[in-house]
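The values are calculated or read from the model by the stated rules, or taken from the named source; none is laboratory data. Being a predicted model, the structure only gives us computed values, none of them experimental. Please note: Cβ atoms are built from the backbone with ideal geometry, for glycine as well, and neighbour counts cover all protein chains shown.
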Amino acid sequence: MKPNEKIAATRTPDGGEMVLYRHDRDFSIMVNGQDLMHSRQHESELELSRLGCAHLTDHAAPCILIGGLGMGYTLRQALDILSPEAHVVVSELLDEVVEWNRAFFGELNGRPLEDRRVDLQMGDIIDLITPAKRRFDAILLDVDNGPHAMTDAGNHRLYSDKGIGLCRRALRAGGCLAVWSVEPSRKFEQILLRGNFHVRRFRVPAHKGSKSQSRFVWVASGNQDSLPPGGGEPRQALENASKDNRRHYRRRR
């Protein structure tokens, strides 16, 4: 069996070591010895685009924002879904991640950075979202490992009440916010609900055919009709509905 080959490394904003490994035709990225992403386990990244862009399949010229380039699979799937006149803004914090995509991942993801619809923006996504007002038809967030930051503690700002409020303001009417996470988070679901979103939670496979490894995608919108079918409602929404039903019952008595 061939060993993993270390082919590149960089430092995260928090000073951790981010390392790119290759094993045959597969690639993986680790941070401080922990798995961050693997080229074989990208089905959930595809699902992030499928779920977050489901309402845009018939849109003539949508504008979307993808937070976090990763290995390019979310971007690749979005481009495959969206129209030829779409505008896809990609926000990436680390120059090395872009370099690795161009140097190593192109044969895996179809070189999405070469698509004329892509507008690559380097820097903190918060700086991109903050001035935006009704600019995007969809925002897809695959930043760090989800609401629980792994590579940059500053990402907590993005997943806070204020950050989600900025996302809400940056969406056009009927737009959707889709968020990828390695694990469930009831706390984050409450933040989405406090942001006046309708919310659906989807449990998705880490890689195609997997039943043992799952990831999570939340899709949120101010317009309930924009949400993709299926998924589950956050518990607070169900509890509030139950309270409303009890109040209605007492009034009728």
Open item on the list: I'm told PHE104 meets every condition in (1) over 12 Å from LEU75 (Cβ atoms); (2) surrounded by fewer than 16 Cβ atoms within 10 Å (Cβ to Cβ); (3) at pLDDT 95 or above except one. Can you identify the failing condition by its number?
Closed with: (2)
Task: In region 26-37, the residues that are in contact (Cβ under 8 Å) with a residue 60 or more places away in the chain and either within 16 Å of the chain's Cα centre (by Cα) or more than 14 Å from GLY70 (Cβ to Cβ) (or both) - done: GLN34, LEU36
Open item on the list: So for region 152-175 (the condition being in contact with a helix residue (DSSP H, G or I) (Cβ under 6 Å, 6 or more places away or on another chain), outside any helix (DSSP H, G or I) and surrounded by fewer than 18 Cβ atoms within 10 Å (Cβ to Cβ)), does at least one residue qualify?
Closed with: yes
Task: Flag for LYS187 being farther than 23 Å from LEU82 by Cα, free of Cβ contacts under 8 Å to residues at least 40 places away in the same chain and either surrounded by fewer than 24 Cβ atoms within 10 Å (Cβ to Cβ) or not acidic (Asp, Glu) (or both) - done: no
Task: Whichever residue in region 5-17 is surrounded by 15 or more Cβ atoms within 10 Å (Cβ to Cβ) and modelled with pLDDT under 95 and, among such residues, is farthest from HIS198 (Cα to Cα) - done: GLY16
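In this structure, is ASP80 farther than 19 Å from ILE139 by Cβ and either among the polar types (S, T, N, Q) or at pLDDT 95 or above (or both)? Reasoning before the result, please.
Numbers: farther than 19 Å from ILE139 by Cβ: no; either among the polar types (S, T, N, Q) or at pLDDT 95 or above (or both): yes.
Answer is no for this residue.
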Task: The listed residue being out of contact with any helix residue (DSSP H, G or I) (no Cβ under 6 Å at 6 or more places or on another chain), within 27 Å of ARG157 (Cβ to Cβ) and of a type in the set (D, E, K, R), out of GLU107, GLU47, GLU85, GLU114 - done: GLU47
